[in-house]
Amino acid sequence: MRTMSTWMFALVACVVAAAVFFFVPFIGKILGWGDYIYIASYTVLQYVVLATAWNILGGYTGYVNFGSAAFFAVGTYTTVFFHKLYPLPIPILVVLAAVVGGLIGLGMGYLTLRLRGAFFSIATLAMAVVLQTLIVNWDFVGGSRGAYVIRPASIVLFDSYIQYLFVIMLALVVIAVTVARTIERSALGYGFAAIRDDELAAEASGVPTLKLKLIATALSGAFMGMAGAPFPYFIGFLQPSGVFGLEYAVNSIAMPIIGGTATWIGPLVGAILLGTLQQVATVTISSAVNVLMVGLLLVFFVIVAPNGLVGVVQNLFRKKPGAPS
Amino acid sequence: MSAPILEVSGLGKRFGGFVALENIDLKVAPGERLGLIGPNGSGKSTLVNCICGTLINDTGTVQFNDRDLKGLITHERTRLGMARSFQLPRPFFSMTIADNIRVPLLYTLNAHRSEEQIAARCNELLGLVGLAGKATQFPRDLTQVDMRKLELARAMAVEPKLLIADEAMAGLSGSEVTDIVNLLITLNERGITVILIEHIMSAVMQFSQRLVVLVSGKKIADGAPDIVIRDPEVERAYLGQ
């Protein structure tokens with residue numbers, strides 16, 4: 001498992017994704033949710049991409065980004081912008097959103113990465129406010145009124161449009177998780193971890209810290225943008241206050257922390273668990289309970305299991321210190 | 001003296017109104033073992049930080065292998081062959097001992113190394129400092145002296161021409177100090193120029209071929225160790241009048 005190559009992993013991820021694709025409609029039938037299962041699953045998968053993207057910067061290099069919602073919004077508004085010009089297929093919009101998100105990540109990194117710790121986090125929060133103000137005042141994409149994006153009634157090859165969106169998000173999950181895992185095992189991953197542990201010592205070991213941090217912000221921003229690209233077609237009516245909402249910023253941080261930030265598995269597990277829990281709570285209790293639940297779980301994990309679920313499992317299997325290796 | 005590997009001239013550094021270093025000149029010959037001493041707050045670590053690029057000197061120049069280092073940041077200087085260990089060990093705490101060494105191995109040599117070469121070099125370095133049996137442990141499980149050894153092994157992994165050991169022995173017991181001094185002499189015998197910054201005089205005297213003394217940001221002595229420590233000015237700086 002540890003030595004599985006990237007291509008092998010990608011193949012396994014595709015097989016798992018295919019299994020999910022065939023499995024999900026059955027759960028929908030059992031629960032009597034019908035097509036709603038795709039809406040719920042799409043939301044969970046979207047959080048897997050967001051959490052994985054956040055973790056590239058926040059987990060691997062230790063720079064906590066509070067502005068995830070802004071990158072997500074950049075992705076959605078890239079779609080709105082191009083939709084107004086000429087409706088493009090969603091996969092192309094995803095690529096465009098990745099480019100815009102990556103560039104904004106790069107810009108944000110360049111402006112803020114000389115700051116460390118809480119100062120960096122506050123700067124990302126400020127950047128989110130600046131971007132939201134820009135969008136609110138940009139009439140072409142709807143401004144504060146919001147924007148309607150009418151999705152086509154049907155799409156070739158798929159039963160319904162929502163199923164199509166679900167498959168796209170499933171593909172993004174495969175890409176994001178494979179990239180995150182590849183980074184983790186590469187020289188880049190070692191450089192990121194060195195930055196997280198001790199930036200001065202990393203520099204003294206020959207790690208070009210600023211360059212690596214810029215790569216991390218750009219990659220993280222690109223994946224968050226990708227996660228946002230299909231969203232206007234999913235939601236139909238887009239409001240700045242919605243896509244810049246607290247729940248995206250908070251979930252992007254909470255999910256990796258609950259799962260565990262050191263590996264690619266953490267955000268995946270955290271997002272699936274928390275995301276599913278939120279969907280179930282939305283249907284059974286109320287959508288307002290979500291945020292409360294996330295808050296409580298976050299506090300619980302930060303205190304009881306700071307290394308997340310992955311950390312808990314690792315501790316169970318770890319050899320006692322001093323035992324021969 | 002052959003062409004110096006490190007040449008510091010007219011170096012000055014201020015922190016606001018406080019002059020930390022003033023007009024420092026220092027030449028180090030290839031293969032030399034230089035001791036750098038001075039009371040607390042005399043500017044030793046500031047000088048190291050200016051040489052390594054952690055701090056930027058206000059005046060003067062630093063030349064390494066006849067190359068002016070102005071404008072080069074720390075990792076670029078590291079890649080030219082200048083390594084340092086930190087006064088307080090700064091290991092990468094989330095990584096195993098072996099992975100701590102792997103980071104500089106991955107980032108310093110331009111030529112791509114295969115996984116086998118990296119693993120081999122890693123074992124070799126850990127063997128050199130006597131940590132081979134602890135490769136899979138984490139830094140938090142190490143003793144203070146092993147932490148210092150890890151610090152030196154990590155510095156060695158950048159294949160340095162010059163190693164600056166900033167108080168590599170602070171807080172160690174007598175036999176542990178001897179361990180580290182012998183290790184540094186071994187490294188020097190392999191052709192690495194070493195600058196040792198230290199308070200433990202027995203270690204400095206045992207190690208150094210030449211001694212430089214800093215007091216209040218100025219260089220007050222530079223020469224053979226046994227002559228330098230009998231210099232009245234040096235005695236005054238350490239013992240008072």
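Worth a mention:
- Bridge type composition, the protein assembly as shown - antiparallel percent by DSSP, nearest 5: 55 percent
- Built amide H within the under 5 Å cut-off of residue B:31, gap 5+: B:193
- Across region A:6-317, C-alpha contacts under 8 Å between residues 6 or more apart give a mean separation that, scaled by the residue count, equals a relative contact order of 31 percent.
- Spin-label model, residue A:247 to residue A:31: label points 7 Å out along the Cα-to-beta-carbon direction sit 1.4 nm apart.
- Using C-alpha pairs below 8 Å separated by at least 6 residues, the relative contact order for chain B is 26 percent.
- For the pair residue A:5 and residue B:132, label points projected 7 Å from Cα toward Cβ lie 3.3 nm apart.
- In sequence order, calculated HN-Hα J values of region B:169-174 (Karplus, 6.51, -1.76, 1.60; Hz; x Gly/Pro): 10, 4, x, 9, 7, x
- Sequence-distant residues sharing a close amide H with residue B:6 (under 5 Å, placed H): B:28, B:65
- P(r) tail fraction, the protein assembly as shown - alpha-carbon pairs more than 39 Å apart, %: 39 percent
- Kyte-Doolittle at least -1.0, axis length at least 30 Å by Cα - qualifying DSSP helices, chain A: A:6-31, A:36-58, A:90-112, A:161-185
- Neighbouring partner chain Cβ atoms per residue of A:17-26, average, 10 Å criterion: 0
- Descending by average beta-carbon neighbour count within 10 Å, the peptides A:168-176, A:262-270 line up as A:262-270, A:168-176, the highest first.
- Kirkwood estimate for region A:6-317, i.e. one over the average of 1/r between Cα atoms, Å: 19.7 Å
- Take the accessible area of chain A alone and of chain B alone, subtract that of the pair, and you get about 2000 Å² summed over both chains, using a 1.4 Å probe.
- Per residue, the protein assembly as shown exposes 45 Å² of solvent-accessible protein surface, assessed with a 1.4 angstrom probe and all protein chains in place.
- Note on region A:41-64 and region A:201-267: Cα centroid distance 5 Å, given to the nearest whole angstrom.
- Heavy-atom accessible area order for B:220, A:183, largest first, 1.4 Å probe: B:220, A:183
- Note on B:86-98: average number of Cβ atoms from other chains within 10 Å of each residue's Cβ is 3.
- Ligands, DNA and RNA left out, the accessible area of chain A computed with a 1.4 Å probe is 74% carbon and sulfur.
- Computed [θ] at 222 nm, helices only, for the protein assembly as shown once each DSSP H run of length n ≥ 4 contributes -39500 (n - 2.57): -19000 deg cm²/dmol
- Too-long pairs where the Cα-Cα distance tops 22 Å, listed order kept, from B:13/B:149; B:13/B:44; A:213/B:149; B:13/B:161: B:13/B:149; A:213/B:149; B:13/B:161
- Separation between Cα centres of region B:46-80 and region B:108-134, rounded to whole Å: 27 Å
The values are calculated or read from the model by the stated rules, or taken from the named source; none is laboratory data. The structure displayed is predicted, hence computed values, not measured ones. All Cβ positions, even for glycine, are placed from backbone atoms using ideal geometry, and neighbour counts span all protein chains on display. Remember, those area values only see protein heavy atoms, side chains included, never the ligands or the DNA or RNA. Shrake-Rupley method; radii C 1.70, N 1.55, O 1.52, S 1.80 Å.
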